[in-house]
Structure formats: structure tokens, C-alpha cells
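S.K.: Below is one structure. I have some questions about it.
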Amino acid sequence: MAVRRLRQGRLIAVDGGSGPAVAAAAKSLSRALRGANTHGGLSPWDSSGIFTELAAAEGGIPGPSARTLTLLYAADLAFRVRWQIGPAIEAGHSVVAAPYVESAKALGIAAGLPRRWLDHLFRFAPKPDICYHVSERGARAARRTPEGYAECFANALAASGGAVDPAELRSRCVQYLTALERRGRCSRLATPAAAAVQKRARRR
């Protein structure tokens, strides 16, 4: 995989159909940035605590729909943009957002939500300078990492009687992200590839 040169003040999006793989890849990229003497940070899913609080509440999220879950994700992302991503970029630092917009869109579309509605909902999010899609290889390398938004989304829909099977939902999500790769909208990233980022950055 050709890894683009990373400069300060860049937004790096890491998306995928596996929450653990996305988290593991993001942590590796963040470490690579620091190892290359580049200021970097990490903006993970549920930084606002919305999903954690709802899961801890009695009864959890009451019968969530795909639209409700996506709106909650957008609210969490708005928090991340306001308090993590925006300040880091303004300070000239790079920040790894994991997951970012495309994961939420992929899951929403897989669950039957209109693409136009999703595009309108996430119009507030800054466009990333670099977008990575975590591969299945990355998913296998991240088995010990806690579940993420993709698993929360699929499990919540299954628990509420959703018509989409979790495995099928994940498959459709991966198909959407793979299509983005073919159009040049993102690059494939396996978790070990973060080492290549660090190696190339050090050469510069």
C-alpha cells in the first residue's frame, strides 16, 4: 500500500466494518505519528460518552432504529469535531479520527437509510485529508480490542428486531467502503501498515 506523506495539521480518517480493527489501526497510526516526531492525537468513537451512558441506563436504548443510532453517532461526532478534531487541526497538529463519517454512512446505507439524508446529516464534518479503510487483515489482528460503533449498531438493530442480519449488515458496510477504494476516495490499510507510515516518515 502506498502511504501518503503525513504533515502536521492533517485530519486522518480511519473507517471500516470492524470496530476493533478500526481502533487498533488508529492507535497504530497515532503511535507512528508520535514516533516520527509529528504531533498527533486520537479522536475515538463515543468520546462524548453518549453511547456509554445510554448502555448503562436501565433498559439501554429503547428500541433504537437505524436512524436513531445514526443521529446519536452524528451527535457524538459533533462533540469530537468541536472539542478534539477542530482544536488539534487549528493548532497545526494531526489527528486520527476513528471511525469517521464513512463508517456511519456505510452502516446507515446498509440498513436502508437514504444516502441523501446521510450526506445532509454529516455535512458539518470537515473533509479528511487522508481516508483509510481497514482491511479484513486488520480485523483479524484486533481480536482483543473492545467492540466499536459497527458492533453497537448491528447488535442494537438485531436486539430491536431489525430485519438486517448483523453479518449481512457488516458485509454491506465493507462493500460500500471497498467501492470507495475503487473510486480513489480512500486507501486500504491493514493494521501492520502503520509501521510503514512511521518508517517512511523517519526517512524524511
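S.K.: Could you pull out every residue, at least 5 positions away or on a different chain, whose amide H is within less than 5 Å of the one on Cys131? Hs are placed 1.01 Å off N in the peptide plane, and Pro or chain starts have none.
M.R.: Placed amide hydrogens put Ala13, Ser187 under 5 Å from Cys131.
S.K.: Tabulate in residue order the Karplus-calculated ³J(HN,Hα) for segment 24-32, using 6.51 cos²θ - 1.76 cosθ + 1.60 with θ = phi - 60°, rounded to whole Hz; enter x for Gly and Pro.
M.R.: Using θ = phi - 60°, the values come out as 5, 5, 5, 5, 5, 5, 5, 5, 5 Hz.
S.K.: Which ³J(HN,Hα) values in Hz, rounded to whole numbers, follow from the phi angles of segment 88-96 under the Karplus curve 6.51 cos²θ - 1.76 cosθ + 1.60, where θ = phi - 60° and Gly and Pro get x?
M.R.: Along segment 88-96, the couplings run 5, 5, 4, 7, x, 9, 8, 9, 9 Hz.
S.K.: Going by how many other Cβ atoms sit within 10 Å of their own, how do Asp46, Asp15, Asp129 line up, fewest first? Provide the component values of the computation, followed by the final result.
M.R.: On the way: Asp46 19, Asp15 28, Asp129 15.
Final ranking by Cβ density, sparse to dense: Asp129, Asp46, Asp15.
S.K.: Under a 5 Å amide H to amide H cut-off, with H placed in plane at 1.01 Å, what residues pair with Ser43 once short-range neighbours are removed?
M.R.: Residues meeting the amide H criterion: Val96, Ala97, Ala98.
S.K.: Further question on the same structure: Applying the Karplus parametrisation 6.51 cos²θ - 1.76 cosθ + 1.60 with θ = phi - 60° to the phi angles of segment 180-187, what ³J(HN,Hα) value in whole Hz is obtained for each residue in order, glycine and proline being reported as x?
M.R.: 4, 4, 4, 8, x, 7, 7, 10
S.K.: Here's another thing I want to ask about it. I need Lys105, Lys127 ordered by Cβ neighbour count within 10 Å, fewest first.
M.R.: Lys127, Lys105
S.K.: Among Glu90, Glu168, which comes first, then next, by fewest other beta-carbon atoms within 10 Å?
M.R.: Ordered by Cβ neighbours within 10 Å, fewest first: Glu90, Glu168.
Each value in this text was obtained by applying a stated rule to the coordinates, not by laboratory testing. Because the structure is a prediction, the values reported are computed rather than measured. Heads up, the Cβs are rebuilt from the backbone with ideal geometry, glycines too, and the neighbour counts pull from every protein chain shown.
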